[in-house]
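Rule-based calculations on the coordinates, nothing more; no lab input. Quick caveat, the model's predicted, so the values are computed rather than measured. Neighbour counts run over all protein chains shown; Cβ positions are idealised from the backbone, glycine included.
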Amino acid sequence: MITLVTGGARSGKSTFAESIFENKEDVVYIGTSRIMDKEMMERINLHKKSRPEYWRTYEGNYDLIQALGDEKNYLLDCITVLTSNIMFDITQDKEYIDYELQREVENCIIEEIKSLIEEVNKRDYNLIMVTNEVGDSIVPEHHISRVFRDIQGRINQRIASLSDQVYLVCCGIPVKIK
């Protein structure tokens, strides 16, 4: 079963996603954050404390199928951070990202996620992916921010089409939309 959980920042997405596996011991948490500063370290530590210690953790943005083991349940949190990490790995310090480079970034991200989904399906495992709904706000002023929003929006659409079920979480309330 492939499940996508989306919603705004601090909407309760991760809490809801974790609750789906709350009674499972064979869970792997796939974390995509990178420790860049003290705040990110604190955020990662809070996330770790929110889930059972016996869940295995895999951290990375590439070769996500390497996270797969004998466990049957996988939680990828989050695609939005994965997108920004891969986007900045590819574009580095560019101040302008043309449409060709945007497609390259998007395709790289989709290939990572699609490979994971295909392998999870092949093994008859369960995968929950968490992502942010970034298109419900104002149009960003900065070019790079607009590019990120556009790429993330298209990534979310493509992943939703590959998912068996999709939930939108708003104010801590999950609503099944697919």
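Taking 0.36 nm per residue of separation and subtracting the current Cα-Cα distance, fully stretching the chain between TYR62 and SER19 would add 12.9 nm. The trypsin sites (Lys or Arg not before Pro) of segment 82-168 meeting both criteria, a DSSP state outside H, G, I, E and B (loop) and at most 16 other C-beta atoms within 10 angstrom of the site's C-beta, are LYS94.
Residue pairs exceeding 23 angstrom between C-alpha atoms, taken from LYS13/LYS72; LYS48/LYS176; LYS49/LYS178: LYS48/LYS176; LYS49/LYS178. In a DSSP loop and with at most 14 other Cβ atoms within 10 Å, the GluC sites (Glu not before Pro) in segment 8-84 are GLU22, GLU25, GLU53.
Near TYR167, within a Cβ-to-Cβ distance under 10 Å, what is the net charge of the other residues, with Lys and Arg +1 and Asp and Glu -1? Neighbourhood net charge equals +3.
For the chain, modelled as a GNM whose springs connect Cα atoms under 10 angstrom apart, the maximal fluctuation among LEU64, LEU101, LEU116 occurs at LEU101. DSSP assigns beta bridges within segment 2-176; of those with both partners inside it, close to 15 percent run antiparallel. Relative to the current alpha-carbon distance between GLU42 and ARG10, full extension at 0.36 nm per residue lengthens the span by 10.0 nm. Note on the chain: GNM, Cα springs under 10 Å; of ASP77, ASP63, ASP37, the largest mean-square fluctuation is that of ASP37. Computed from backbone phi, the HN-Hα couplings of segment 19-27 come to 5, 5, 9, 4, 9, 9, 9, 8, 10 Hz, rounded to whole numbers (Karplus: 6.51 cos²θ - 1.76 cosθ + 1.60, θ = phi - 60°; Gly and Pro given as x).
Return one number: the angle in degrees, 0 to 90 and rounded to the nearest 10, between the long axis of the Cα atoms of helix 38-50 and the longest principal axis of the Cα atoms of the chain. Roughly 30 degrees, rounded to the nearest 10. Within the chain, the longest segment free of exposed loop sites, counting chymotrypsin sites (Phe, Trp or Tyr not before Pro) that fall outside DSSP classes H, G, I, E and B and have at most 10 other Cβ atoms within 10 Å, spans 97-178. Among the GluC sites (Glu not before Pro) in segment 117-178, those placed in a DSSP loop whose Cβ has at most 14 other Cβ atoms within 10 Å are GLU141.
Quick one: helix 79-91 against the long Cα principal axis of the chain, what's the angle to the nearest 10°, folded into 0 to 90? On a 0 to 90 degree scale, this one is about 40. Separation of segment 122-169 from segment 39-84 is 17 Å, based on Cα centroids.
Under the criterion of Cα pairs below 8 Å and six or more residues apart, the relative contact order for the chain equals 39 percent.
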